[in-house]
Structures are given as C-alpha cells and as structure tokens.
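The values are calculated or read from the model by the stated rules, or taken from the named source; none is laboratory data. What you are looking at is a predicted structure, and each value in this text was computed from that prediction instead of being measured. Here the Cβ is made from the backbone with ideal geometry for all residues, glycine too, and neighbour counts use every protein chain on show. To get the accessible areas, we keep the full protein, side chains included, count just its heavy atoms, and leave off ligands, DNA and RNA. Shrake-Rupley method; radii C 1.70, N 1.55, O 1.52, S 1.80 Å.
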Amino acid sequence: MSDHVLVINAGSSSLKYSLVDAKTGEAAATGLVEQIGEEQSHHVHHGPAGEFNDDQAVADHEAALEAAVRAFETHGPALADVDIVAVGHRVVHGGDRFAAPALVDDELIAAVTDLVPLAPLHNPANLEGIEVARRLLPDLPHVAVFDTAFHQTLPPHAYTYAVPTSWQEEYGIRRYGFHGTSHSFVSGQAAALLGRELEDVNLIVLHLGNGCSATAVQGGRSVDTSMGLTPLEGLVMGTRSGDLDPAIHGLLARVAGRSAEETDRALNSESGLKGLTGVNDFREVSRRRAAGDERAELAFDVYCYRLKKYIGAYYAVLGRVDAIVFTAGVGQHSAEVRAAALSGLEGLGVRLDPTRNTNNDQIVSTEDSPVAVLVIPTNEEWEIARQALDVVRG
Ligand code: ADP
C-alpha cells in the first residue's frame, strides 16, 4: 500500500509542493512556483530525473498547481503511478478551533475563512491552495494541518494576555503560537535521539529560520511558545521585530502620522535583522559581522541576547530541561549563534562542546553536560504528510 501524500504550502505569491512518503519521509519530488501573478514567474521541480526550471508567467494559484501537475507528468514521477493517499495542506492559523489536523470539508473552509482576521497574510493564501487543489484533485481526501494546533495545549496562564477579558471573547485576542508542525516534529526526533520516551522529556525547541520561535515542550506538549496572536511576537527574526513595547504603535501614530497598517507592515517586513542591518539573510549578516561591520555586530548581539532570555524563561517554566534543540536554517547551521545564545549558561547545566558545535554535530553538548544541546533538521513536509496519513487512515 502506498503511503504517499502530496503536501501543499500555498503562500500569497508562491506554491510549494512535495510528494512525500509519510512512512519514511522520503520526497519523491519537490517543487516551488514563485512570483505567481507577476510578469515573470519561476517554477523549479526536482524529480527523479533531476531539476527542471520554467520561467513562464503563472497567473494565479490554479495555474501554479496545474504547472505542478504538468511537471509531475513530464518530469516524474507521474502522479497516476504513485497512488497518492491524501493531499496535506499547511494552514497557518487554526485559532482555538483546531487542536489537531482535520479533513477538509465545507465546514472547515468556513471555519478557516472566519479566522482570516487573525491571519490576513496567510489564511487567504492557504485557502486558495486548498480550493484549487480540491478542484484539480477532487478524488483525493484533503487534510488541513495547522501551524497553531501543537500549541493548543498551552495553559490559560501562558496564552492569556493581560488585557480586558472582552478582547479575547470578542476578537479572539490571545496567544496561539506558530511553527507547531516543526516544533512537534523536532520534539519527536529529539526524544528518539536521547533514547527516551517523548512523554518523559522536557525540551526547549528553538526554530530559527526566516521566522523564529521558541517553545517549551513538557512531555511532548507545548506549554509556552514565543509567537503570539500572530507570528510577530517573540524572537528577533529575518524581517520581524519580535517583542517590543506595544506603545510604539501609538507613538508612531502621534509623532509620525503612521497608520496602524503602515506600522504593522514595517514591524513584519522591515524590522528584525533587516531593520537593523538592511538585510534579512543571516548568512549575509554573519559575513558583514566577520568583516567588522558594527551594525551587523549589534544585530547579532540583539538576536542572540533575545534567544538567551527565552531560554532562561523557558528553563524557569519547565523547571527541569533535558535538552535544548536548535533547528531550521540558522539553528542548524550557525555555530556562532548557538555559542552566543548559550554562553554563560553553565550554571544552568548547559555545557557546549566547541568542536562538536563547529562541526554542526547532532549532539553539540559535552558528554557530561546535564542539559543536552541538539541540532536537528526540521522536516515540516514529512510531519504534514504523517499527520495527513493519520487522519485518512483514522
Ligand atoms: P524558512 O523560515 O524560510 O524555512 P530556513 O529555515 O531555510 O527559512 O532559514 C533561512 C535562514 O537560515 C536564512 O536567514 C539563512 O541565511 C539562514 N541560513 C541558512 N544557511 C545558513 C548557514 N550556513 N549559516 C547561517 N545561517 C544560515
């Protein structure tokens, strides 16, 4: 029996897909259509015969998925031969309605549509992907896998903001948390690497990609996480500010006449590493820092200091920590970030092995470190495929 799931991640102007064996995690093909709706688009498809690129304009998400289906036919593997069991869709915001993945039906679409005010940048694109895929692949079950679901185990004291209670009741204002698929996947991998049951371990998971988030995971359950109502809160990110004083909004409105939308956009797209250095790519920040650029040095320090504060906070939340886990682009590759974020934490039982850290080994702490420090590649596509398979197989 096939265990292949077609995983779709639809963004506002992009569509990422991956044909994954949910049992092994092996991707038979992956692809990305970018700059959808622009004069020139870019489609790259990696299949068994290698990489194929196409720069023809792709008008919308429907055309993007059609191009993907054509790429499977032309460059393989032919979808008809693979016997796909489900289509798994990444959906960013499931609010407090979805604590688990769910089969897509009209009711689910209505619920995800209701949540658009909470995720105006993401949910409409995710919905577009679902609707297009249901049209083009009507005979397959479609499953929505929510970025927020893993964090639905947060206790009320962790998800409640200290604001008038009516705001939560009327507008859904509370912490939801994101990157749940990644935190869930990496937690499972970490427990396996430690040779322990997930139920028995306490972890601090640091997902450091373009977006960054920290999660305190107690026995496999998320008990606190740094992203909030939206993915803006928490760590310093590629283009997002992370934590700041909410009074900044009002001040900019009064002294600079900036609208709420303008400030929102600046905090989401022009802040973080980009705001501090002009670039959001961590590798470029590292290069500039190595060349003695003071702005890059400060950005690095701000980034790592924020990380260290969250590690300390989640240490206190968990009481006992078995491992600190680094994942995603920066987490997996930047020995300097890991070293800076963990410096001075020997008193908390964190002993980094400099050679293992520089080598990006899986275990970068010393043999005798009371808290293990792990580097684990995330694989959100595999996790989505696994969850989708679980839903369709019951
Ligand atoms: P996304 O959130 O888009 O999935 P990734 O997990 O791919 O992002 O992470 C992207 C970030 O990882 C970028 O800032 C990139 O510069 C950084 N990165 C990738 N490789 C390295 C590396 N070798 N050293 C430091 N940073 C890296």
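Side notes on the structure shown:
- Looking across segment 196-217 at every residue that is surrounded by fewer than 20 Cβ atoms within 10 Å (Cβ to Cβ) and over 18 Å from residue 280 (Cβ atoms), the one that is nearest to the ligand (Cβ to nearest atom) is identified as 198.
- Within segment 275-309, being open to solvent by 80 Å² or more (accessible area, probe 1.4 Å) and within 11 Å of the ligand (Cβ to nearest atom) holds for 283, 287.
- Pairs linking a residue in segment 275-302 that is at pLDDT below 95 to a residue that is near the ligand (Cβ under 10 Å from one of its atoms) and acidic (Asp, Glu), with Cβ atoms under 8 Å and 6 or more positions apart or on different chains, do not occur.
- The residue pairs whose first member lies in segment 100-113 and is over 22 Å from residue 180 (Cα atoms), whose second member is assigned to a loop (DSSP other than H, G, I, E, B) and not aromatic (Phe, Trp, Tyr), and whose beta carbons are closer than 6 Å, counting only pairs six or more residues apart or on different chains, do not exist in this structure.
- Flag if residue 327 is more than 26 Å from residue 154 (Cα to Cα), under 16 Å from the mean Cα position of the chain (by Cα), within 16 Å of the ligand (Cβ to nearest atom) and not small (Gly, Ala, Ser): no
- Pairs where the first residue, in segment 376-394, is over 18 Å from residue 205 (Cα atoms) and the second is open to solvent by 50 Å² or more (accessible area, probe 1.4 Å) and away from the ligand (no atom under 16 Å from the Cβ), C-beta under 7 Å, 6+ apart: 391/103
- Hits in segment 19-36 - residues which are among the polar types (S, T, N, Q) and more than 24 Å from residue 119 (Cα to Cα): 24, 30
- Single unsatisfied condition, residue 226 versus (1) within 16 Å of the ligand (Cβ to nearest atom); (2) of a type in the set (Ser, Thr, Tyr); (3) buried (at least 17 other Cβ atoms within 10 Å of the Cβ); (4) over 27 Å from residue 315 (Cβ atoms): (4)
- Restricting attention to segment 340-370, the residues that are within 13 Å of the ligand (Cβ to nearest atom), surrounded by fewer than 16 Cβ atoms within 10 Å (Cβ to Cβ) and of a type in the set (Gly, Ala, Ser) add up to 0.
- Among the candidates 87, 58, 44, the residue that is in contact (Cβ under 8 Å) with a residue 40 or more places away in the chain, open to solvent by less than 60 Å² (accessible area, probe 1.4 Å) and not acidic (Asp, Glu) is uniquely 87.
- Where residue 335 falls short, out of the listed (1) closer than 23 Å to residue 202 by Cβ; (2) touching a helix residue (DSSP H, G or I) at 6+ places or on another chain (Cβ under 6 Å); (3) of a type outside the set (Ser, Thr, Tyr): (1)
- Residue 327 over 18 Å from residue 194 (Cβ atoms) and at pLDDT 95 or above: no
- Every residue from segment 22-40 that is open to solvent by less than 70 Å² (accessible area, probe 1.4 Å) and either more than 25 Å from residue 5 (Cβ to Cβ) or in a strand (DSSP E or B) (or both): 27, 28, 29, 30, 31, 32, 33, 37
- Failed item, numbered, when residue 332 is tested on (1) open to solvent by 50 Å² or more (accessible area, probe 1.4 Å); (2) within 16 Å of the ligand (Cβ to nearest atom): (1)
- A Cβ distance below 9 Å, combined with a sequence gap of six or more or placement on separate chains, defines the contacts here; from segment 327-347, residues that are within 14 Å of residue 179 (Cβ to Cβ) reach residues that are away from the ligand (no atom under 13 Å from the Cβ) and open to solvent by 30 Å² or more (accessible area, probe 1.4 Å) in the pairs 327/189.
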